[in-house]
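Structure, as structure tokens:
The values are calculated or read from the model by the stated rules, or taken from the named source; none is laboratory data. A quick note: this is a predicted structure, and the numbers were derived from the prediction, not measured. Here the Cβ positions follow ideal geometry from the backbone for every residue, glycine too, while neighbour counts run over all protein chains shown.
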């Protein structure tokens with residue numbers, strides 16, 4: 001699926017002016033509050049008619065203002081999941097799930113109730129009413145209802161924003177499963193860095209209604225010059241690795257990739273399982289030589305590719321690790337003392353205990369790699 005978007009729309013003093021194309025499985029619209037994320041999602045979904053624009057999905061045009069074409073929302077084959085589940089309180093879970101299916105022509109119905117119920121683990125809830133569901137269960141039902149309409153595209157507008165941390169942790173593995181196993185591409189609206197780095201394959205970074213950057217997640221999150229927009233505290237990068245083995249003596253799991261080798265707290269997971277590992281910039285130290293006599297187990301050799309130092313006390317350094325980007329946050333004093341400069345060889349040091357369950361996510365379908373519900377750290 002290729003989604004092409006070229007739209008302009010004015011909201012009073014604010015103007016949304018965006019052009020991008022994506023074929024990612026989960027494309028996140030990311031940015032600060034007020035950047036234009038939800039407005040853009042509403043235009044793609046047909047909830048808002050733009051002043052000017054052209055939108056197409058796999059060559060099927062949904063909007064072309066030059067030709068006065070605007071396909072109405074109910075004919076776009078676009079599913080929508082909002083912050084709140086918005087279930088019908090008088091209908092059972094089963095009836096809620098099948099509601100969207102009624103509006104889809106029989107010849108275009110791809111999804112089956114039993115498959116969606118298994119995918120989202122809601123089969124045991126089918127006879128219940130929404131009032132008897134937890135917040136996480138309600139949101140899984142809302143996702144299932146959107147899927148059973150057999151959409152060409154699924155829009156998720158901050159679906160975890162109204163949930164507490166425990167419920168977010170419950171839902172994220174299901175969205176990962178949806179990304180990897182369902183056939184429908186996803187547009188995901190968020191301003192949460194942990195969500196984005198765990199879920200996204202492609203990022204569209206918005207700033208004041210315009211695109212600051214767009215491309216593969218690792219490329220965007222690894223850019224030191226975008227830290228102001230991607231977030232200082234949670235800034236970091238994602239590295240794709242696989243499980244190389246387990247250290248039975250010290251209860252550790254060994255991850256490996258061309259970037260190097262990491263040791264993390266033990267996971268009960270199969271050898272060769274493919275994972276995405278999120279490493280925060282503030283958890284990375286830098287050294288000019290291989291460290292000796294330190295507690296950190298993970299040392300990766302790379303080269304400095306970019307340095308972003310402002311007027312404050314800290315600077316962000318981008319390090320290339322055999323083609324994968326890592327980000328480190330250090331003080332400007334450290335920059336001067338180490339004499340850091342682009343193309344310089346550098347050792348990145350990462351504490352094992354900085355990598356927890358929330359730092360990991362599968363990058364292949366669960367049948368080929370990992371069931372995060374079964375991970376034990």
Given (1) part of a strand (DSSP E or B); (2) more than 30 Å from residue 1 (Cβ to Cβ); (3) free of Cβ contacts under 8 Å to residues at least 40 places away in the same chain, index of the condition residue 262 fails: (3)
query: Looking at this structure, is residue 254 at pLDDT 90 or above, touching a strand residue (DSSP E or B) at 6+ places or on another chain (Cβ under 8 Å) and over 18 Å from residue 342 (Cα atoms)?
result: yes
message: From the list 268, 261, exactly one residue is modelled with pLDDT of 90 or more and surrounded by fewer than 21 Cβ atoms within 10 Å (Cβ to Cβ). Which is it?
response: 261
field: Count - residues of segment 199-247 that are surrounded by fewer than 23 Cβ atoms within 10 Å (Cβ to Cβ) and under 23 Å from residue 162 (Cβ atoms)
entry: 3
- prompt: touching a strand residue (DSSP E or B) at 6+ places or on another chain (Cβ under 9 Å), closer than 19 Å to residue 224 by Cα and not in a helix (DSSP H, G or I) - does that describe any residue in segment 286-294?
  reply: yes
